[in-house]
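See below for the structure under consideration.
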Amino acid sequence: MSSVRLVFFWIALAGLTSSKAAGAPRIAPPPAGKLYQGLYFDEPAAGHDPTEHDVTAGDVARFEQTLGTKTAWVFFSSNWSESRKFPAVTCDWIRGLGKVPYVRLMLRSDLEQRHVEKTFSLANILAGKFDDDLKAWARDAKTFGSQILVEWGTEPNGNWFPWNGKWNGGAKSGAQRYIDAYRHIVDLMRAEGADNLQWVWHVNWLDEPEAKWNRFENYYPGENYCDWVALSAYGPLTPRAIDGTEGFRFKMRTAYPRLVKVAPGKPIVIAEFGCDAHHRRVDAAEWARDALEDLLSGRWPAVIGFCWWNESWENDDIRKHNTDMNILHDADLTRVFREQLAKHADKLQATPIISGR
C-alpha cells in the first residue's frame, strides 16, 4: 500500500471511529465514476447458521484475498426473533476492519416467508408495543458512535416479507401502513439522538404481486426518511427456476428509471444481486460478468455501490436442487469477479469516505 493510500485509510478510519456532538458525519458517495463494493457472506456448509448474520472477520479476509478486492461495508441481518439488542459486537469488529456496518433491521418472529407476522406486525409497531426496544436499540447505536448503514422493511414490494402490503391491509391500506411504520421507527431513533444511523430504503426490482397498489413507489417513506435507496436484482435463484432468468441489465432497465423518479437525487446501491451457480440454462459467470461490466462502466450514474449475495441454502431434500450463489464456491464466478474487479480497479472506491453534513 502506497504512503498516500495509507494516510487516506487512516483518515477514513478516524472518521469511522469518531463522533460529533453537533451531529454525526455522513458516509459520502464515492467520487464520480467510482463505486463502493459491499460484502454479504453466509456459508452454512462451513458451519454458519442460516440467519444471515454469521459473517466473520475471517470470511471478509478470505473473500478479499481471493478476489483481490476491498469492501467498504459488511451487510448482515439483526433478527428480532433472536435478539432485540443492538448488534454491538458485530458492528465493532466490522469497524475495526475500517469498514461500515450495514444492518438489516429485521423485526420478524421467524425466518419463514409468505405469512402474516404475529408479533412484530405493522399494527403492533404503530401501536408502540416495541417503542422501548427500538429506543434502546437507538441509544446503543448512538453509544457505538460511528457510522452505520441501516434498513428496515427490506423489499416491501415483495410478498415474501411480512411487511408487504398483502399481509397488512392489502390494496386499500397496506402500503400506507408500511410508510407509517417506517417513519415511526426512524422518528423514534432520531429522537434518541442516533444521528450516526444512515437510513437506506431498499426495494425489489420487480413488484410481487405485479399490481398497481404494490408498486414500490407506493412504499416510499419520503425524502426526509432515507439517505440512500437500494435495489435487489437477482437472476435465477434456484437450479430449476423458470422465472427471473433475464440479465441484470433487463432488470435495471425496468427498475432504475422508476427508482430515480421516485427518489430524485438519492444515491442508489445495488444492495443485493446474484445468480445461482448451477442453473440449467443461465451461466452464472456470464450473468455476473455482464452485470459487473455494466455497473463498473457507469451505465447507471446514480448507482454508487453494489453487493453480491454470497449465500447457499437447501430448497428440498435433493442436493442438486440446492441454491448456491457464493462466489468462492464456483471457479468460474471467482475468475469473473477477479478479472472484472482488476479490469476496473480505477472505478472502485476501497474505503468509505466520511464527510460532515
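Look at (i) 1.03; (ii) 1.15; (iii) 0.94: the one that is Cα Rg over 2.2 N^0.38 Å derived from this structure is (iii). Between Ala32 and Glu339, the modelled labels are 3.2 nm apart [label points 7 Å from Cα along Cα→Cβ]. Across the cross-link table entries Lys99/Lys261; Lys34/Lys343; Lys70/Lys142; Lys34/Lys70; Lys166/Lys320; Lys99/Lys251, which are compared at the Cα atoms, the separations over 23 Å belong to Lys99/Lys261; Lys70/Lys142; Lys166/Lys320; Lys99/Lys251.
Rounded to the nearest 5, the antiparallel percentage of DSSP beta bridges internal to the chain is 10%.
In terms of its alpha-carbon gyration tensor, segment 203-243 comes out oblate; a/c meets the 1.5 threshold, while b/c is at least as large as a/b.
When the trypsin sites (Lys or Arg not before Pro) in segment 112-162 are filtered for DSSP coil states and for at most 11 other beta-carbon atoms within 10 Å of their beta-carbon, the remaining sites are Lys118.
Taking Cα pairs under 8 Å and at least six residues apart, what relative contact order does segment 202-357 come out at, in percent? List each step's numbers first, then the result.
Details: 221 pairs, mean separation 34.2, N = 156.
Rounded, it is 22 percent for segment 202-357.
If R0 equals 35 Å, the separation of the Cβ atoms of Glu64 and Ala136 corresponds to a calculated FRET efficiency of about 0.55. Mean residue ellipticity, 222 nm, helices only, the chain: the sum of -39500 (n - 2.57) across DSSP H runs of n ≥ 4, divided by residue count and rounded to 500, is -10500 deg cm²/dmol.
Taking all Cα pairs closer than 8 Å and separated by 6 or more residues, the relative contact order of the chain comes to 23 percent. Using a 1.4 Å probe over the heavy atoms of the protein chains, calculate the carbon and sulfur portion of the accessible area of the chain as a whole percent. Carbon with sulfur: 51 percent of the solvent-accessible area.
The values are calculated or read from the model by the stated rules, or taken from the named source; none is laboratory data. A quick note: this is a predicted structure, and the numbers were derived from the prediction, not measured. With ideal geometry, Cβ positions are generated from the backbone for all residues, glycine too; neighbour counts draw on all protein chains shown. Calculation scope for accessible area: heavy atoms of the full protein, side chains included, ligands and nucleic acids excluded. Shrake-Rupley method; radii C 1.70, N 1.55, O 1.52, S 1.80 Å.
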